[in-house]
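Remarks on the structure that follows.
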Amino acid sequence: MPYIASPERYDNTTYVKTGRSGLKLPPISLGIWNNFGYDRPLETQRAIIRRAFDLGVTHIDIANNYGPPPGSAESNFGSIFAQDLAPYRDELIVSSKAGYNMWEGPYQDGGSRKYVLSSLDASLKRTGLDYFDIFYSHRYDTETPIEETMGALASAVHSGKALYVGVSNYTPEQTRAAHAALAEHKVPLLIHQPRYNMFDRHIEDGLFPVLSELGVGSIVFSPLAQGLLTDRYLAGIPSDSRAAEGRWISENNISAEYLERVRGLQEIAAGRGQSIAQLALSWVLRVPEVTSAIIGASSVAQLENNLKALDAAPLTDDEIAAIEPFAVHGTGA
């Protein structure tokens, strides 16, 4: 049967303006990173993406190197898009990025014009899209002048291959420089994508005021700290968990200090009728400069559970204060 999107998909979501732009994003977006490579069933991926859209998640975030292997997440998304979502292209925000390793040779990563625009064309081919709504510089390249990297992003906009551009993993100073370099091409810096969660608070040291001043939105990745901000490890390390796999985190991350803090967060979450993951999402979304939070999902049930964070009332000042002793930067590192 052909996919027909739910007619109620916009009934329960309030969309948020991105900085001083006119673009609105859902408060929670879907990132297709770890669970959307060739190592996972395509039908599971398809079910997650369809369900997300049915629940009002209009933004799907990818990067050229997502998989495994690199490129496979874009290719899988392209298959799902062609099969299910092509009729809804104008209702979707699809982003991708260039910055990390993709192919052999000296032009396979970084921020050079050669790499960024070659990567853009390859990503469009893999996804089957005519353009990306947002295209990012995935990381700052110390070996390339920022004027060159931002000039490449501006070319993406001027050529119609991207509607907006952003940066990811840039410091406050690098963000200012990117904003200024893009302005020379009359292209605004739409959005910044940093890592941010209760256990990684490094961007609180200066980034938010810069984004507010420049009118740049932000969309944070890893709000659940690779699963550390869930109840996944409270009773041990499951054999199918990321800690057991050892790819991004390991058993060493599940320390007594970590468990003590997560149990404290669990008690606060229970008092709000939330899971730990839902509380963690409410916490990052409390920041006015945060437009959206990117979540991954390995199943439809996990997706639905995390999206229920939006059903809860905003955190009160007292709840934020109660969370503070447990939301310690470096926990689980």
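Report yes if PRO41 is more than 22 Å from ALA293 (Cα to Cα) and either acidic (Asp, Glu) or at pLDDT below 95 (or both), otherwise no. In short, no. Selection of segment 49-77 for residues being of a type outside the set (A, V, I, L, M, F, W, C), over 14 Å from ILE294 (Cβ atoms) and open to solvent by less than 10 Å² (accessible area, probe 1.4 Å) yields GLY56, ASN64, GLY67, GLY71, SER72, GLU74. Please find, within segment 257-279, the residue that is nearest to THR13 (Cα to Cα) out of those that are in contact (Cβ under 8 Å) with a residue 40 or more places away in the chain, assigned to a helix (DSSP H, G or I) and touching a Ser or Thr at 6+ places or on another chain (Cβ under 8 Å). Among residues in segment 257-279 that are in contact (Cβ under 8 Å) with a residue 40 or more places away in the chain, assigned to a helix (DSSP H, G or I) and touching a Ser or Thr at 6+ places or on another chain (Cβ under 8 Å), the one nearest to THR13 (Cα to Cα) is ALA277.
The condition of being farther than 21 Å from PHE36 by Cα, in contact (Cβ under 8 Å) with a residue 40 or more places away in the chain and more than 21 Å from the chain's Cα centre (by Cα) holds for only one of SER155, SER118, that being SER155. Considering segment 21-43, the residues that are open to solvent by 60 Å² or more (accessible area, probe 1.4 Å) and over 16 Å from the mean Cα position of the chain (by Cα) include one that is nearest to LEU92 (Cα to Cα), namely GLY22. For segment 177-198, the candidate set comprises residues that are touching a Ser or Thr at 6+ places or on another chain (Cβ under 7 Å) and outside any loop (DSSP other than H, G, I, E, B); within that set, the residue that is surrounded by the most Cβ atoms within 10 Å (Cβ to Cβ) is HIS192. Candidates are the residues of segment 199-225 that are in contact with a helix residue (DSSP H, G or I) (Cβ under 6 Å, 6 or more places away or on another chain) and closer than 23 Å to ILE268 by Cα; the one that is most open to solvent (accessible area, probe 1.4 Å) is LEU224. Would you confirm, using the coordinates I've provided, whether ILE49 is part of a strand (DSSP E or B) and either under 16 Å from the mean Cα position of the chain (by Cα) or among the β-branched types (Val, Ile, Thr) (or both)? Here the answer is no, as ILE49 does not meet what is asked.
The values are calculated or read from the model by the stated rules, or taken from the named source; none is laboratory data. Here the structure is a predicted model, which is why all the values come from computation and not from measurement. A quick note on method: Cβ atoms are made from the backbone with ideal geometry, for glycine too, and the neighbour counts reach across all protein chains shown. Areas reflect the complete protein model, heavy atoms only, side chains present, ligands, DNA and RNA absent. Shrake-Rupley method; radii C 1.70, N 1.55, O 1.52, S 1.80 Å.
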